[in-house]
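The values are calculated or read from the model by the stated rules, or taken from the named source; none is laboratory data. None of the values given here were measured: they were computed from a predicted structure. Cβ placement follows ideal geometry from the backbone for every residue including glycine, while neighbour counts extend to all protein chains displayed. Surface accessibility is based on the protein's heavy atoms, side chains included, excluding ligands, DNA and RNA. Shrake-Rupley method; radii C 1.70, N 1.55, O 1.52, S 1.80 Å.
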Amino acid sequence: MLDYCVIKGEVGAAIKAGRPVVALESTVISHGLPYPANIEAAKAMEATVRANGAVPATIAILDGRIRVGLEAEDFERLAAGGIRKVSRRDLPLVLAAGGDGATTVAATMIGARLAGIAVFATGGIGGVHRGAETTLDISADLEELARTDVAVVCAGAKAILDLPKTLEYLETRGVPVVGYGTDNFPAFYTAQCNLPVDSRCDSADDVARVLRAKWQLGLTGGVLIAVPIPEEAALDAEATEQAIRLAVAEAEGQGVRGKELTPFLLARLEQLTEGASLVANRALLLNNAGVAAQIAVAYATLRQ
Amino acid sequence: MLDYCVIKGEVGAAIKAGRPVVALESTVISHGLPYPANIEAAKAMEATVRANGAVPATIAILDGRIRVGLEAEDFERLAAGGIRKVSRRDLPLVLAAGGDGATTVAATMIGARLAGIAVFATGGIGGVHRGAETTLDISADLEELARTDVAVVCAGAKAILDLPKTLEYLETRGVPVVGYGTDNFPAFYTAQCNLPVDSRCDSADDVARVLRAKWQLGLTGGVLIAVPIPEEAALDAEATEQAIRLAVAEAEGQGVRGKELTPFLLARLEQLTEGASLVANRALLLNNAGVAAQIAVAYATLRQ
Amino acid sequence: MLDYCVIKGEVGAAIKAGRPVVALESTVISHGLPYPANIEAAKAMEATVRANGAVPATIAILDGRIRVGLEAEDFERLAAGGIRKVSRRDLPLVLAAGGDGATTVAATMIGARLAGIAVFATGGIGGVHRGAETTLDISADLEELARTDVAVVCAGAKAILDLPKTLEYLETRGVPVVGYGTDNFPAFYTAQCNLPVDSRCDSADDVARVLRAKWQLGLTGGVLIAVPIPEEAALDAEATEQAIRLAVAEAEGQGVRGKELTPFLLARLEQLTEGASLVANRALLLNNAGVAAQIAVAYATLRQ
Ligand SMILES: [Mn+2]
Ligand SMILES: [Mn+2]
Ligand SMILES: [Mn+2]
């Protein structure tokens, strides 16, 4: 394990002392946002985690090692373009080849778990793609949530996905979906869809108690904490859905598939909303980072 | 673990001594049968387990704890209505909130496994819902069978489901399906459908040997023991299928979905069959409890 | 475990000493090829493994025991016809009944893992069947790849399957798909399809490094090593696809399903190609056995 995973000093010390740590992913840097908004957002997320009392640990693969906690120059390198997107299946391939990679939700959960970090903030998880009944295109993030003991704080699943099917998949695989201050599953750019969550929690302490119950019982797997985008940052629901449908149709028409699909849709959406999707994305990322830090603090307190 | 799980004295003593114990679920009490037939059936199942030489342990969640083995007053409480149906994903949510819950097949398997109980009797498992190719509505019971070491004795999957797809799912996930005295998978209210099981066992000893082989080899997961409803209690196959199709169509028309679907269909079926489905349900529940006890006795003997 | 699994002396000694061993399956003998081509191919595979510096261990079930490494007379017995095809779900059933069985990719992986063998050569894995969106017919081999730490060397998935869906399923479940000397997933009888693999490896050493990275990190599950059929042995792509479509249509028309489907399609394909599919199958089996042995040698060296 030691050969393939390097934990930054500050992060390792916090984990060892039982102090709160929040994992952050790197796909948002390499594939989720354009340069230089990506670096700025990544650093703002780390600052938000600190402002809420926890230590940030952005996770990526550099030179064939999982790096838990990055240095300033690492962000530049990940933002430079041409970085491979790394999910569970890609991890051993990139590590064995000594390469670099940006970690998806699934791969970041793996890195967090290896390091002993219980809480992770991201924008939105991957899920069941629209049309998956004929393509079987379902993100490995969902399986990771079923098997790896990490709480994932997000604004729901990426809105380009099929949300009802994503929730059904999570139910089948036994993953609790908690609404943070909401009874309905948030829809990423907008605060609400009509799909209920499994339970509502109104505080970080409530969430921490869920984590303790799950893992103390040995119920393997993650918990999804779905936090609505702040109201002032939310996009118009109908216009967003129309833009998504257009982007999905274009992807189909151009034969965009597999790991290219999500970056294509996000970029197209930014154009169609004239940048508004980008502003919303940044807002929800910072919001999630803050909530995740509060949950990490509450969970660390509970475990003492 | 101890904080969240309480084992009744009689049950714990039997488990510790290696004597046969049979787990029973509580969703049948809170959501499967109407009051007061639900309490009567639950107590009759416990009596049948005892009459066949094993200790019954009905499992439910009360006051934020998994209770393995109930007291008389607990049955009343579970039958009173308004109890949450708890599957794997709900477990940590209800435990953390200190609430009550009726355990599905999946959650009962988890409780049984935590306590060290190898055999569990229920009516019918959840499975792949009709129309799942477009909804992805697939019960968490199937995944639980793939991951948790408990033998589940049932009369097949609930007949409201898509049985061929349910069996395909179990095959993909590596779950053995044993026909108890039958070569075909039983269809809950009726003794037969045209779908073959993986193997036939004609005695409790045969089943016990399957359990020993599976778990001694470390082949994680459950075994499904499918017992046909006693012939004298079986409903007419064609009339039942017609009633199910009508109920499924009504559910679709009224937009009944998710965890409301199964209770809706069972209640509607009772009306459509003028109560006959209820009588059949009770008969198969008692039959399964008896067979499960015999298997528990045989397995306890084999392990000595 | 010892009761149900017997390791041949030569094989056990090699495993204990850390010398390279390659597992081989027995379904190819009992169900994959006609007599006597099946025995000849099985023995030729063992010889090829030896010629490349590793010890072969063909796995089957005989008299209720998993046998890791067979004697000459065992091959005759498996080739005689009427042998049950055994996947994960069937294993405990056949062991408990004291029966014989030919192990599929899934069951052979289980046997290899129990014995401590890391590399396994086969023809093609099972996968998502054509039409699975309505049948849910998906091979247990895919789930086994997700959960069991064995490298499976093959010529891709059996060509009778839906290859794009098979790759999507593997991605969702986090299974690395390595192209051995190729950027595209091989299509069994033909060297190429238009579907990319996750990574290309051009040597056995490269593959060995992937295996070390995966398992040293505790990333549970297998790795699929896809090796194109040797060019001189490959069939014509278009004619093969036509023959497969005809065979699939005939299977549907005749209601051939479940575990009968694959043997039916392979036999029909042999007729439609006037034996050419059989010659190609033998060629790829030997090629895979040789590559697997080289990988086993490289991995054994790396672990020293
Ligand atoms: Mn995908
Ligand atoms: Mn459901
Ligand atoms: Mn199948």
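Odds and ends about this structure:
- In a simple Cβ point-charge model (Lys, Arg +1; Asp, Glu -1; nothing else charged), the stretch C:160-263 has a dipole of about 600 debye relative to its Cα centre.
- When A:Glu40 is represented by a point 7 angstrom out along its Cα-to-C-beta vector, the spacings to that point in the other copies are 7.2, 7.2 nm, nearest first.
- Theoretical FRET efficiency, 1/(1+(r/R0)^6), r = Cβ-Cβ of C:Glu231 and A:Glu73, R0 60 Å, to 0.05: 0.80
- Using a simple spin-label model with pseudo-atoms 7 Å out from Cα toward Cβ, C:Asp205 and B:Leu246 lie 7.4 nm apart.
- Entries in A:Lys85/B:Lys259; A:Lys165/A:Lys214; A:Lys16/C:Lys214; A:Lys43/A:Lys259 that, when Cα-Cα distance is taken, lie over 28 Å: A:Lys85/B:Lys259
- Surface composition of the stretch B:134-241: carbon and sulfur make up 46 percent of the accessible area, probe 1.4 Å.
- For the stretch B:29-116, the share of accessible area belonging to carbon and sulfur comes to 50 percent (1.4 Å probe, ligands and nucleic acids excluded).
- In nanometers and ordered shortest first, the copy-to-copy spacing of the C:Ala72 label point, defined 7 Å from Cα toward Cβ, is 7.5, 7.5.
- Interface residues of the stretch C:201-241, defined as those losing at least 40 Å² of solvent-accessible heavy-atom surface relative to the isolated chain (probe radius 1.4 Å), are listed as C:Val210, C:Ala213, C:Gln216, C:Leu217, C:Leu219.
- For B:Ala151, the amide hydrogen comes within under 5 Å of the amide hydrogens of B:Val119, B:Phe120, B:Val223, counting only partners 5 or more places away or on other chains and with H modelled in the peptide plane.
- Label spacing, shortest first and in nm, from C:Gly253 to its equivalents in the remaining copies (7 angstrom along Cα→Cβ): 4.0, 4.0
- Helical segments meeting 24 Å axial Cα length and Kyte-Doolittle 0.5 threshold in chain B (DSSP H): B:276-303
- Placing +1 on the Cβ of every Lys and Arg and -1 on the Cβ of every Asp and Glu, with no other charges, gives the stretch A:242-304 a dipole of roughly 280 debye about its Cα centre.
- Taking the chain by itself as reference, the stretch C:152-183 contains these residues with an accessible-area loss of 10 Å² or more in the full protein complex (1.4 Å probe, heavy atoms): C:Pro164, C:Lys165, C:Glu168, C:Tyr169, C:Glu171, C:Thr172, C:Arg173, C:Gly174, C:Pro176.
- Shielded by partner chains, the stretch A:79-126 residues - at least 40 Å² of accessible area, 1.4 Å probe, vs chain alone: A:Arg88, A:Arg89, A:Pro92, A:Leu93, A:Ala96
- Nearest to the axis that brings chain B onto chain A is this chain B residue, judged by its Cβ, with the distance in whole Å: B:Glu133, 3.
- If R0 is taken as 22 Å, the Cβ-Cβ distance between C:Arg19 and A:Asp63 corresponds to a FRET efficiency of 0.10.
- Interface area, chains B and C: about 2400 Å² of buried accessible surface, summed, with a 1.4 Å probe and ligands, DNA and RNA left out.
- Note, ³J(HN,Hα) from phi for the stretch A:19-25, Karplus 6.51, -1.76, 1.60, rounded to Hz, x at Gly and Pro: 7, x, 9, 10, 7, 10, 9
- Alpha carbon centroid spacing (whole Å) that separates the stretch A:258-276 from the stretch B:206-263: 44 Å
- Over chain C, relative contact order from alpha-carbon pairs under 8 Å, at least 6 apart, %: 21 percent
- Label sites at A:Asn194 and B:Leu302, each approximated as a point 7 angstrom past Cα along Cα to Cβ, lie 5.1 nm apart.
- Packing here is the average count of other Cβ atoms within 10 Å per residue, and on that basis the peptides C:81-88, C:159-166, C:94-101, highest first, run C:159-166, C:94-101, C:81-88.
- The charge dipole of chain B, taken about its Cα centre with unit charges on the Cβ of Lys, Arg, Asp and Glu (plus for the first two, minus for the last two), comes to roughly 960 debye.
- Solvent-accessible surface of chain A, taken per residue with a 1.4 Å probe and all protein chains present: 35 Å².
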